[in-house]
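Worksheet for the structure shown next.
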Amino acid sequence: MSVEKRVWVAPSATGPVGATVRLPGSKSMTARALVLAGLADGPSVVERPLRARDTELMAAGLRALGVRVDSSDTERWLVEPGPLRGPARVDVGLAGTIMRFLPPAAALADGVVEFDGDPHARNRPLRPIVEALRTLGVSIDASETGGLPLTVHGAGLVEGGEAVIDASASSQFVSGLLLSAPRFSKGLTLRHEGPPVPSAPHLRMTTHMLRAAGATVDESVPDVWTVEPGPLQGRTWVIEPDLSGAAPFFAAAMVTGGAVTLAGWPAESWQPVGRLIELLTAMGAGVTQSAEGLTVTGGDTIHGITADLSEVSELTPVIAALGALADSPTELRGVEHIRGHETDRIAALVAELSKAGAEVTEFRDGFRIEPRPLHETEFETYADHRMAHAAAVLGLAVPGVRLTDVACTSKTLPEFPELWAGLVARS
């Protein structure tokens, strides 16, 4: 399921944008709902899912394991669990969710399950989850680096018990094990040992959704998660709009002094909306929530900030682009783990913002941006949808920003180029 590269000149805004956008569902919620539905004891419905490369590949991976996923209706996917079995092959693409969520499920299958993906996927860290599964008695063949290509020799069951993991490189290591843990014979007590686990809101989403599916989860002790063995219930999952996917659209309001509303935003969310509001407000935006949705309004200028983004690292590229357009320096820290995302996002942002004229100082866990006059540039996207979002935001104020590959946005929002061009056309 490869995607053909497409060079794209980011459109520049001629005035304030004003729009209400309707975005597909959260990638994170869709991925978790599909896995929980595939492991449940009855059928489930996933309403308003994200249909994009990552989630299509997740559905295909579950089908390969014996789960029936009917995604013919764009707004309503039907999932019917079946006996998990191999032999099977799973294409993870470049998706961390698939390479980390499905191997524990594959361990419950009866048969051999092989995992591989895009070339760069082999560079993404996997060793901690592989070693944890081995501790739990699962037979796995991995590459010399402990990652892809991966072969899980499913025995039809996982005994479970206790395991220790260093999840400092990705909270997905914890989420991947917890999602399948109710199906382990003894459940799972998972202890993290190492530097802090990043992206805590994603972990909270995992435990919330497990409980919603009927699992018993105890996370009262810091860095320890206990999941009791028991059935997962089939249910209807209503997927929220993707907050990370909305970030560039909100940034467009800030860059142009306009207003953008994300329609369909729930009154209560499982995503880290509070942290996003704090960041955008600190940078000069106004944020309001109403029955119409979540609205971001830009001010006269964008202000630089100093922020720890460890809990919301997916926002780093867009916040960095805003920082390059701000009236004062921006320093973003606490995101060393994004060096292991679709690309080394820290190094990539430093390189591309510098090419555009910004003065950027790189740190181990982030960078500092000194705003400077920016100019046209070819912005390398590194097959990374979030890098493309950053380039598009920059292009609003800087004519001539050419993305080397806008098609990489299909990973989470295939219609991004059209939505973005429509938004700017209304400026």
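Just the residues that are under 13 Å from Val287 (Cβ atoms), touching a strand residue (DSSP E or B) at 6+ places or on another chain (Cβ under 6 Å) and open to solvent by less than 30 Å² (accessible area, probe 1.4 Å), please, taken from the range 250-268.
First, pick out the residues of the range 250-268 that are under 13 Å from Val287 (Cβ atoms): 250-251, 253-254, 259-262, 265.
After this cut, where a residue has to be touching a strand residue (DSSP E or B) at 6+ places or on another chain (Cβ under 6 Å) as well, the list is 250, 253, 259-262, 265.
Those that are under 13 Å from Val287 (Cβ atoms), touching a strand residue (DSSP E or B) at 6+ places or on another chain (Cβ under 6 Å) and open to solvent by less than 30 Å² (accessible area, probe 1.4 Å): Phe250, Ala253, Val260, Thr261, Leu262, Trp265.
Those strands (runs of 3 or more DSSP E) of the range 54-111 that lie entirely within it include none in which at least 2 residues are touching a His at 6+ places or on another chain (Cβ under 9 Å), at pLDDT below 95 and closer than 22 Å to Leu188 by Cβ. Every listed requirement among (1) open to solvent by 40 Å² or more (accessible area, probe 1.4 Å); (2) within 13 Å of Ile319 (Cα to Cα) is met by Val238 save one, (2). Condition check: in contact (Cβ under 8 Å) with a residue 60 or more places away in the chain, over 30 Å from Leu396 (Cα atoms) and open to solvent by 10 Å² or more (accessible area, probe 1.4 Å). Does Leu84 satisfy that? Taking the combined requirement at face value, the residue satisfies it. Considering the range 328-358, the residues that are within 18 Å of Leu279 (Cβ to Cβ) and hydroxyl-bearing (Ser, Thr, Tyr) include one that is least open to solvent (accessible area, probe 1.4 Å), namely Thr330. Of all residues in the range 392-415, those that are open to solvent by less than 20 Å² (accessible area, probe 1.4 Å), more than 19 Å from Arg53 (Cα to Cα), in a helix (DSSP H, G or I) and touching a helix residue (DSSP H, G or I) at 6+ places or on another chain (Cβ under 7 Å) total 4. Each residue in the range 359-373 was checked for being surrounded by fewer than 18 Cβ atoms within 10 Å (Cβ to Cβ) and over 23 Å from Arg339 (Cβ atoms), and 2 pass.
Scan the range 109-146 for residues that are touching a residue at least 40 places away in the same chain (Cβ under 8 Å) and either at positive phi or open to solvent by less than 10 Å² (accessible area, probe 1.4 Å) (or both) and jot them down. Matches in the range 109-146: Ala109, Gly111, Val113, Ile129, Ala132, Leu133. Of everything listed in (1) open to solvent by 30 Å² or more (accessible area, probe 1.4 Å); (2) at pLDDT 95 or above; (3) of a type in the set (A, V, I, L, M, F, W, C); (4) part of a loop (DSSP other than H, G, I, E, B), the single unmet condition for Ala421 is (4). From the set of residues in the range 183-216 that are over 23 Å from the mean Cα position of the chain (by Cα) and among the β-branched types (Val, Ile, Thr), which is nearest to Val164 (Cα to Cα)? Step by step, filter the range 183-216, then rank; the result is Thr189. For Pro11, the conditions (1) open to solvent by less than 40 Å² (accessible area, probe 1.4 Å); (2) over 22 Å from Leu413 (Cβ atoms); (3) of a type outside the set (Lys, Arg) all hold with the exception of (2).
Among the residues of the range 177-195, at least one is of a type outside the set (Asp, Glu), assigned to a loop (DSSP other than H, G, I, E, B) and closer than 25 Å to Ser310 by Cβ. Scanning the range 147-176 for residues being in a strand (DSSP E or B), closer than 16 Å to Ile98 by Cβ and either free of Cβ contacts under 8 Å to residues at least 40 places away in the same chain or open to solvent by 10 Å² or more (accessible area, probe 1.4 Å) (or both) gives a total of 1. Can you confirm whether the range 269-276 contains a residue that is open to solvent by 20 Å² or more (accessible area, probe 1.4 Å), free of Cβ contacts under 8 Å to residues at least 40 places away in the same chain and farther than 18 Å from Gly25 by Cα? Taking every residue of the range 269-276 in turn, at least one turns out to be open to solvent by 20 Å² or more (accessible area, probe 1.4 Å), free of Cβ contacts under 8 Å to residues at least 40 places away in the same chain and farther than 18 Å from Gly25 by Cα.
Every residue, every condition in (1) of a type in the set (Val, Ile, Thr); (2) buried (at least 21 other Cβ atoms within 10 Å of the Cβ); (3) outside any loop (DSSP other than H, G, I, E, B), yes or no:
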site	(1), (2), (3)
Ala19	no, no, yes
Met29	no, yes, yes
Asp41	no, no, no
Val45	yes, no, yes
Leu50	no, yes, no
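Mind counting the residues in the range 196-218 that are free of Cβ contacts under 8 Å to residues at least 60 places away in the same chain, of a type in the set (A, V, I, L, M) and in a helix (DSSP H, G or I)? Before you say what the answer is, go through the steps one by one.
As a first pass, look at the range 196-218 and keep what is free of Cβ contacts under 8 Å to residues at least 60 places away in the same chain: 197, 203, 207, 211-212, 214-218.
Those left that are additionally of a type in the set (A, V, I, L, M): 197, 203, 212, 215, 217.
Then drop every residue that is not in a helix (DSSP H, G or I), which leaves 203, 212.
Adding up the residues that qualify gives 2.
The values are calculated or read from the model by the stated rules, or taken from the named source; none is laboratory data. These numbers come from a predicted model, not from an experiment. Heads up, the Cβs are rebuilt from the backbone with ideal geometry, glycines too, and the neighbour counts pull from every protein chain shown. Ligands, DNA and RNA are excluded from the accessible area calculation, which covers all protein heavy atoms including side chains. Shrake-Rupley method; radii C 1.70, N 1.55, O 1.52, S 1.80 Å.
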